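Read the structure below first, then the notes.
The values are calculated or read from the model by the stated rules, or taken from the named source; none is laboratory data. Keep in mind the model is a prediction, meaning the values are calculated, not measured. Using ideal geometry, Cβ is built from the backbone for each residue, glycine included, and neighbour counts are taken over all protein chains shown. The area values use the complete protein model at the heavy-atom level, side chains included, leaving out ligands, DNA and RNA. Shrake-Rupley method; radii C 1.70, N 1.55, O 1.52, S 1.80 Å.
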Amino acid sequence: MSSLDFLNDYINPAREAAGEPLLRNGEMVRKLCDELDLNKTDFLLYSVGRGRPAEYVNLNYDQMMLVGMRESKTVRKTVLAKLKQRTTFCRSC
């Protein structure tokens with residue numbers, strides 16, 4: 001899954017439900033670089049219309065778990081439950 005999808009479909013909805021501020025993609029990129037020992041050169045660019053291209057990287061299940069576990073307790077629980085539900089439907093993910 002792309003880091004953009006992970007941010008928009010997992011992290012930010014959980015943060016919103018917990019009453020926490022949403023993360024911008026640039027903040028997510030910094031988290032990914034720190035937690036997963038990535039460099040900016042590891043990221044791809046996705047054109048988002050007229051705006052500035054968004055950076056993203058493709059994440060596997062373990063990487064999503066590592067990044068999701070850096071969130072607050074409430075957000076972690078929500079992200080973990082959603083990741084577990086995802087693997088129920090997709091055994092190879």
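Lys84 passes all but one of (1) surrounded by 12 or more Cβ atoms within 10 Å (Cβ to Cβ); (2) more than 11 Å from the chain's Cα centre (by Cα); (3) among the basic types (Lys, Arg); which number fails?
Exception for Lys84: condition (1).
Of a type in the set (A, V, I, L, M), in a loop (DSSP other than H, G, I, E, B) and at pLDDT 95 or above: does that describe Leu23?
yes
Using the structure shown, decide if Leu4 is within 28 Å of Lys73 (Cβ to Cβ), assigned to a loop (DSSP other than H, G, I, E, B) and of a type in the set (A, V, I, L, M).
no
Taking Asp62, is it closer than 21 Å to Ala81 by Cα, assigned to a helix (DSSP H, G or I), open to solvent by 80 Å² or more (accessible area, probe 1.4 Å) and of a type in the set (Asp, Glu)?
yes
Look through Ala14, Ala18 and report the one residue that is over 12 Å from the mean Cα position of the chain (by Cα), among the small types (Gly, Ala, Ser) and either surrounded by 11 or more Cβ atoms within 10 Å (Cβ to Cβ) or modelled with pLDDT of 95 or more (or both).
Values: Ala14 fails: over 12 Å from the mean Cα position of the chain (by Cα).
After ruling out the rest, the residue left standing is Ala18.
Restricted to the range 37-59, and to residues that are open to solvent by 80 Å² or more (accessible area, probe 1.4 Å) and in contact (Cβ under 8 Å) with a residue 24 or more places away in the chain, which residue is nearest to Gly26 (Cα to Cα)?
For the range 37-59, the residue satisfying everything is Tyr46.
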